[in-house]
1. Hey, any hits in the range 271-278 for a residue that's assigned to a helix (DSSP H, G or I), loosely packed, with under 15 Cβ neighbours inside 10 Å and out of contact with any helix residue (DSSP H, G or I) (no Cβ under 8 Å at 6 or more places or on another chain)?
2. Is it the case that some residue within the range 390-410 is buried (at least 20 other Cβ atoms within 10 Å of the Cβ), closer than 30 Å to residue 73 by Cα and either touching a strand residue (DSSP E or B) at 6+ places or on another chain (Cβ under 8 Å) or at pLDDT below 90 (or both)?
3. From the list 69, 17, which residue is surrounded by fewer than 16 Cβ atoms within 10 Å (Cβ to Cβ), closer than 26 Å to residue 268 by Cα and under 20 Å from the mean Cα position of the chain (by Cα)?
4. Go through 311, 352 for me and flag whichever is crowded, with 20+ Cβ neighbours inside 10 Å and out of contact with any strand residue (DSSP E or B) (no Cβ under 8 Å at 6 or more places or on another chain).
5. For the range 307-415, please list each of the helices (runs of 4 or more DSSP H) lying entirely inside it that holds at least 1 residues being under 26 Å from residue 281 (Cβ atoms).
6. For a quick check of your reading of the model, give me the residue pairs whose first member lies in the range 34-55 and is at pLDDT below 70, whose second is part of a helix (DSSP H, G or I) and surrounded by fewer than 18 Cβ atoms within 10 Å (Cβ to Cβ), with beta-carbon atoms closer than 6 Å and at least 6 apart or on different chains.
7. Taking the conditions exactly as written (closer than 26 Å to residue 358 by Cα and either surrounded by 19 or more Cβ atoms within 10 Å (Cβ to Cβ) or without any contact (Cβ under 8 Å) to a residue 24 or more places away in the chain (or both)), does residue 262 satisfy them or not?
8. Take residue 303 and decide whether it is closer than 30 Å to residue 41 by Cα, more than 16 Å from the chain's Cα centre (by Cα) and at pLDDT 85 or above.
């Protein structure tokens, strides 16, 4: 992968275009769903829904205590299909037991909120059902990735997201908020159409990886994912703590489009992760990957930033309504934040994971949460939405550079 041409050719050879389109569809469906709910729900209800969704976002990446993340890494390193099947069956059974515990803890959190919001108990119930469905979806997607079946991975994603959006629109028109919750709970279970069973019985695990090694990576991967998504939920929760539901709704509007542009980078990393894992000791491959990545994403980031900032008020007015146009400056700030994230945090975070340095990602995730809390404490009470945008930007940029330095430190040690 010495040239940009080879980089792009490898992307298409891995069916990366299907992953790209699938993630684009995912973002469009999520954006359309949020836009639809913004339009039909009162501001207070949408803010409340955002709070529960933010708590859910903390738990969802912890699915199966990291079993799917471990399956992707060690499945990619497995040399035969039999090893992959054995690893998949083992992680599915073990991970599901852990996931049931996780889902129970998530549901119990409803009792901490029910004294403040009377009907939040029902919202938590439907999100708990969705959380169980997410486990099946994550495992099935991970299985497709270890066999480099990116086209099937994309098909599962597309069916779940498109069907979920259609159900959400139809059900919401009939039953309002509860219609949305029902559709939201059902949609991940559609992935079961791709579930290949029955699972083989494992009496003696005979892998070249130890269970300690597998679950150590899984634990750090899940903690990192938990802390990473907690970071992107903490802004909502901190705003709710320092301000109110109306400020949360305004921030959500400013955040929605900028946060979703990272799918451009993630589509490359999703399709290339198994290849990166296999080449985790190949210094030349990793260095050339970074160079070619920047050849694509620096121009893309600059174009997005220039166009987005120039048309910020117009974009907000068209998608969210005139009442939210005061958030155009925060929108521009957040656009710059996530363009920078594609060049730093998204790239080097995934590279650190692919080469097995998940403990470093865990450390950086903890640091991110601490920095965001500190910045928010000083900036949010006075500056509200803009203060949170600045806090998020300062944290992501600082941690992104630390990730970059850590990865290049690893790279220098390779022969």
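The values are calculated or read from the model by the stated rules, or taken from the named source; none is laboratory data. These numbers come from a predicted model, not from an experiment. Ideal geometry is used to build each Cβ from the backbone, glycine not excepted, and the neighbour counts take in all protein chains shown.
1. Narrowing the range 271-278 to residues assigned to a helix (DSSP H, G or I): 271-278.
From the residues that got through so far, the ones that are loosely packed, with under 15 Cβ neighbours inside 10 Å too are 278.
Next, from what is left, pick out any that are out of contact with any helix residue (DSSP H, G or I) (no Cβ under 8 Å at 6 or more places or on another chain): none.
Among the residues of the range 271-278, not one is assigned to a helix (DSSP H, G or I), loosely packed, with under 15 Cβ neighbours inside 10 Å and out of contact with any helix residue (DSSP H, G or I) (no Cβ under 8 Å at 6 or more places or on another chain), which makes the answer no.
2. no
3. That would be 17, the only listed residue that is surrounded by fewer than 16 Cβ atoms within 10 Å (Cβ to Cβ), closer than 26 Å to residue 268 by Cα and under 20 Å from the mean Cα position of the chain (by Cα).
4. The unique qualifying residue is 352.
5. 328-343, 345-354, 358-413
6. 43/246
7. Against the criterion (closer than 26 Å to residue 358 by Cα and either surrounded by 19 or more Cβ atoms within 10 Å (Cβ to Cβ) or without any contact (Cβ under 8 Å) to a residue 24 or more places away in the chain (or both)), residue 262 does not qualify.
8. no
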